[in-house]
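Visitor: Can you keep this structure in mind? I'll have questions shortly.
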Amino acid sequence: MTISDASPSTPMSAVDDPVEASSSSGASATGPVRAAYAPFVQSYSAYTATVQDASRIAWRVTIASGLILLTLLVGGPIVRSWYVGWAIEVRGATMRSIDSVVFVQRQGVGDWVVAQTTEDLDEGDVIRTAVNARAFMQFFDGSTALIFPDSTFRIIRSQQGRFQPDRYSLILEVVKGRARIGVAPAEDPLQAFVQLRAPSTQVHVTEGSYSIDASGDQSQVTTRRGVATGYSNGAVASALTGQRLVATSNRPPIGGLPSRRDLVINPVFADRDGDTPADWAERDISEQDPPGEVTYHPTAGTITLARRGQGHGETMIAQNIDVDLWDFERVDVEASVRVLSHSLSGGGWQGTEYPLILRVIYRDITGTVHTWYRGFYRHNDDNFPVRDAELLPSSDWVRFETSLLGIVPRPWRIIRVELVASGWDYASVVNAFHIWAD
C-alpha cells in the first residue's frame, strides 16, 4: 500500500516508526532509563560529582555534627565542673608590726622597705623583723602567724577556690628565726592544704598551734596542738600534741620528741674536745698566782673548778647560747652541783664571791643586757653579806632548779651561760647544767 492509499482516519502505529520501535524494543529489554544526576547547585568538586560521592559527604557531615553535639552535651558539664572545682584566686594577708621596725620585700625581689604599722601582703612577699620587733599576720582562712624578732618569713602560696572557698592552699616559710603558727579549722579538712617550710624540711599541719624554729642547718617544729608531719631527705616523721620533730640537712627527720628541749649544748659534759668538754670554753681570772684550774673527769662526767691561792680568783667554763625566748612558755634552769671547800666566808666582802656560781647573761625586751646568778656556799663564819645565794648543808650533790621567766626584768634572749667558782681557795664540782625550754 502506498502512502496515498492510506486512509487519513487510520492512525500511524508506533511500530510504524522504525526509530521509536527500536527504542521501545531496547527499553523493554533493559528496563526504564533513569535521568542523569543533576545537583541543585552546580558543583565543581570531584567529591560531589556523583550520587554516591554526594551521599558519602552528606553522611560524614551528619555524623560529625552528631558527634560535636554529643561532645557538647556530655563534655560541656564536665568542663564546667572542672573549671568550677579548680578555678582559684590569689588571696592576700594582713600584717601588723609590733614593738619596732618590720621590713617588707615585695615578691621576694628588690629593696627592703619599712612596712607601715598595718600592711597588706600578697603571695610571694617576704617580711623581716628587727632584733627587737615582732609582726602579727592574719590570712584569708583565719590562720595566723606571730613572727618573732630577727626572723625572715615568706608567703609562698595563698590561694582559694573561686567557686569552692573550702578548697584552699596556704604555704608559709620561715627562712630564718622563729614563728608561732595558728592553723584555723577547715570546713572540709580534705580540701584544705596548709604547709610550713623551713630550710631543711616541709611540714604538713592540721588545725592547731605550732612553733617553728629555723636556725642554721637545723629546723624544729613543736606541736602545741594538732598534728605535724615532716618530709625531708626521702623520710617522714610526725609530731603529735606535746611533741617535737627535728630536721637536719642531709639527715632523716626525727619525730615524736618531747616538746621540752635543752638550750644548752653538751649539758652533761659527755662530748669531749681533747681534754675539755666540747662546746664549752675555759677562762680564769686570778689576781695572783697560782691560777685556777678546770678538771674534766670523763668517767664520772663532772667538771671540777678549783684554786689554791691568795687574792681574788675566778675560774669558769662558759657557753654562748644566743637563743630567743619569745615563743617559750616555760624556761627553767636545772643543775647538779657540789661545793667541796672554800676559804672565803659566805659571798666575800661584797657578797658576790662564792665557791660556785651559776650565771645567765641575757637581754630584756629593750635590748638591755642583764646578769642573773645564783651562788652556793658551805659556811659564812665571818658573817659576810650574802645575796642571791644558798647555804648548802654538806658536800653532797644538790639538785637546783628555778624558773628564768619569773625574774625581773624578764629575759627575752639568752646570750651566754657561765659556771663560775670564785674567792681565794675553792673547790666545786658540776655534773649537769640544763636550761629547759617549753
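The values are calculated or read from the model by the stated rules, or taken from the named source; none is laboratory data. What you are looking at is a predicted structure, and each value in this text was computed from that prediction instead of being measured. For neighbour counting, all protein chains shown are included, and Cβ atoms are generated from backbone atoms with ideal geometry for every residue, glycine included.
Visitor: Which condition breaks for residue 188 when tested against (1) at pLDDT below 95; (2) assigned to a strand (DSSP E or B); (3) not polar (S, T, N, Q)?
Guide: Exception for residue 188: condition (2).
Visitor: Would you be able to tell me the number of residues in segment 143-165 that are assigned to a loop (DSSP other than H, G, I, E, B) and either at pLDDT 95 or above or touching a Ser or Thr at 6+ places or on another chain (Cβ under 9 Å) (or both)?
Guide: Number satisfying all stated conditions: 5.
Visitor: Quick check, is residue 300 of a type in the set (A, V, I, L, M) and surrounded by fewer than 19 Cβ atoms within 10 Å (Cβ to Cβ)?
Guide: Values: of a type in the set (A, V, I, L, M): yes; surrounded by fewer than 19 Cβ atoms within 10 Å (Cβ to Cβ): yes.
So residue 300 passes the test.
Visitor: Another question about this same structure. Working carefully through the options 400, 384, find the one that is among the aromatic types (Phe, Trp, Tyr), surrounded by fewer than 19 Cβ atoms within 10 Å (Cβ to Cβ) and under 48 Å from the mean Cα position of the chain (by Cα).
Guide: On the way: 384 fails: under 48 Å from the mean Cα position of the chain (by Cα).
Sole residue among the options that is among the aromatic types (Phe, Trp, Tyr), surrounded by fewer than 19 Cβ atoms within 10 Å (Cβ to Cβ) and under 48 Å from the mean Cα position of the chain (by Cα): 400.
Visitor: So which residues in segment 300-346 are of a type in the set (Ser, Thr, Tyr) and part of a loop (DSSP other than H, G, I, E, B)?
Guide: Keep residues of segment 300-346 that are of a type in the set (Ser, Thr, Tyr), which gives 302, 304, 315, 336, 341, 343, 345.
343, 345 - these are the residues of segment 300-346 that are of a type in the set (Ser, Thr, Tyr) and part of a loop (DSSP other than H, G, I, E, B).
Visitor: While we're looking at this one, here's another question. Check segment 250-260 and report whether any residue there is free of Cβ contacts under 8 Å to residues at least 60 places away in the same chain, surrounded by fewer than 16 Cβ atoms within 10 Å (Cβ to Cβ) and of a type in the set (Val, Ile, Thr). Step through it out loud before you land on a result.
Guide: Taking segment 250-260 and keeping what is free of Cβ contacts under 8 Å to residues at least 60 places away in the same chain, we get 250-258.
If we keep only those that are surrounded by fewer than 16 Cβ atoms within 10 Å (Cβ to Cβ) as well, we get 250-252, 256-258.
Checking which are of a type in the set (Val, Ile, Thr) leaves us with none.
The answer is no; no qualifying residue exists.
Visitor: So residue 284 fits all but one of (1) outside any loop (DSSP other than H, G, I, E, B); (2) not small (Gly, Ala, Ser); (3) not assigned by TED's automatic domain parsing to the domain that holds residue 419; what number is the exception?
Guide: Here residue 284 meets the rest and fails (3).
Visitor: Of the residues that sit in segment 45-91 and are over 30 Å from residue 107 (Cα atoms) and not in a helix (DSSP H, G or I), which one is modelled with the highest pLDDT? Give the steps one after another, and end with the answer.
Guide: Step one: of segment 45-91, the residues over 30 Å from residue 107 (Cα atoms) are 45-81.
Among the residues that remain, those that are also not in a helix (DSSP H, G or I) are: 45, 49-50.
Details: 45: 66, 49: 66, 50: 73.
The qualifying residue modelled with the highest pLDDT is 50.
Visitor: Shifting gears a bit: What residue, of 245, 240, is outside the structural domain of residue 422 (by TED's automatic domain parsing), modelled with pLDDT of 95 or more and touching a Pro at 6+ places or on another chain (Cβ under 8 Å)?
Guide: Details: 240 fails: touching a Pro at 6+ places or on another chain (Cβ under 8 Å).
Just a single option satisfies the conditions, and that option is 245.
Visitor: Which condition breaks for residue 208 when tested against (1) at pLDDT below 95; (2) at positive phi?
Guide: The number of the failed condition is (1).
Visitor: Have a look at 250, 266 and point out the one that is under 15 Å from residue 419 (Cα atoms) and not charged (D, E, K, R). Step through it out loud before you land on a result.
Guide: On the way: 250 fails: under 15 Å from residue 419 (Cα atoms).
Answer to the check: 266.
Visitor: If you don't mind, there's one more thing I want to ask. Among the residues of segment 103-112, which ones are in a loop (DSSP other than H, G, I, E, B) and either of a type in the set (Lys, Arg) or surrounded by 11 or more Cβ atoms within 10 Å (Cβ to Cβ) (or both)? If you could, list the steps in order and put the result at the bottom.
Guide: Going residue by residue through segment 103-112, those that are in a loop (DSSP other than H, G, I, E, B) are 109-112.
The one that is in a loop (DSSP other than H, G, I, E, B) and either of a type in the set (Lys, Arg) or surrounded by 11 or more Cβ atoms within 10 Å (Cβ to Cβ) (or both): 112.
Visitor: Okay, next question. Check segment 171-178 and report whether any residue there is in contact with an Asp or Glu (Cβ under 9 Å, 6 or more places away or on another chain), basic (Lys, Arg), surrounded by 21 or more Cβ atoms within 10 Å (Cβ to Cβ) and part of a strand (DSSP E or B).
Guide: Keep residues of segment 171-178 that are in contact with an Asp or Glu (Cβ under 9 Å, 6 or more places away or on another chain), which gives 174, 176-178.
Subset that is basic (Lys, Arg): 176, 178.
Going one step further and asking which of them are surrounded by 21 or more Cβ atoms within 10 Å (Cβ to Cβ), we end up with 178.
Still in the running and part of a strand (DSSP E or B): 178.
Yes, there is a match, as at least one residue in segment 171-178 is in contact with an Asp or Glu (Cβ under 9 Å, 6 or more places away or on another chain), basic (Lys, Arg), surrounded by 21 or more Cβ atoms within 10 Å (Cβ to Cβ) and part of a strand (DSSP E or B).
Visitor: I've got another one for you. Need the failing condition index for residue 115 against (1) farther than 24 Å from residue 327 by Cβ; (2) surrounded by 14 or more Cβ atoms within 10 Å (Cβ to Cβ); (3) without any contact (Cβ under 8 Å) to a residue 24 or more places away in the chain, just the number.
Guide: Evaluating residue 115 over (1) farther than 24 Å from residue 327 by Cβ; (2) surrounded by 14 or more Cβ atoms within 10 Å (Cβ to Cβ); (3) without any contact (Cβ under 8 Å) to a residue 24 or more places away in the chain leaves (1) as the failure.
Visitor: Could you go through segment 77-87 and let me know if any residue there is in contact with a Ser or Thr (Cβ under 8 Å, 6 or more places away or on another chain) and either within 24 Å of residue 169 (Cβ to Cβ) or surrounded by 11 or more Cβ atoms within 10 Å (Cβ to Cβ) (or both).
Guide: Just the residues of segment 77-87 that are in contact with a Ser or Thr (Cβ under 8 Å, 6 or more places away or on another chain), to begin with: none.
No, that holds for no residue.
Matching residues to (1) at pLDDT 95 or above; (2) among the β-branched types (Val, Ile, Thr):
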residue	(1), (2)
386	no, yes
389	yes, no
392	yes, no
397	yes, no
414	yes, yes
423	no, no
429	yes, yes
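Visitor: Name the single residue that is nearest to residue 124 (Cα to Cα) among those in segment 161-170 being of a type outside the set (A, V, I, L, M, F, W, C) and buried (at least 19 other Cβ atoms within 10 Å of the Cβ).
Guide: Step one: list which residues in segment 161-170 are of a type outside the set (A, V, I, L, M, F, W, C), which gives 161-162, 164-169.
Filter once more, keeping what is buried (at least 19 other Cβ atoms within 10 Å of the Cβ): 167-168.
On the way: 167: 20, 168: 16 Å.
Filtering segment 161-170 for residues that are of a type outside the set (A, V, I, L, M, F, W, C) and buried (at least 19 other Cβ atoms within 10 Å of the Cβ), the one nearest to residue 124 (Cα to Cα) comes out as 168.
Visitor: I'd like to check something: does segment 119-142 contain any residue that is without any contact (Cβ under 8 Å) to a residue 24 or more places away in the chain, surrounded by fewer than 17 Cβ atoms within 10 Å (Cβ to Cβ) and not aromatic (Phe, Trp, Tyr)?
Guide: Our first condition is that a residue be without any contact (Cβ under 8 Å) to a residue 24 or more places away in the chain; within segment 119-142, this holds for none.
So far as segment 119-142 goes, no, none of its residues is without any contact (Cβ under 8 Å) to a residue 24 or more places away in the chain, surrounded by fewer than 17 Cβ atoms within 10 Å (Cβ to Cβ) and not aromatic (Phe, Trp, Tyr).
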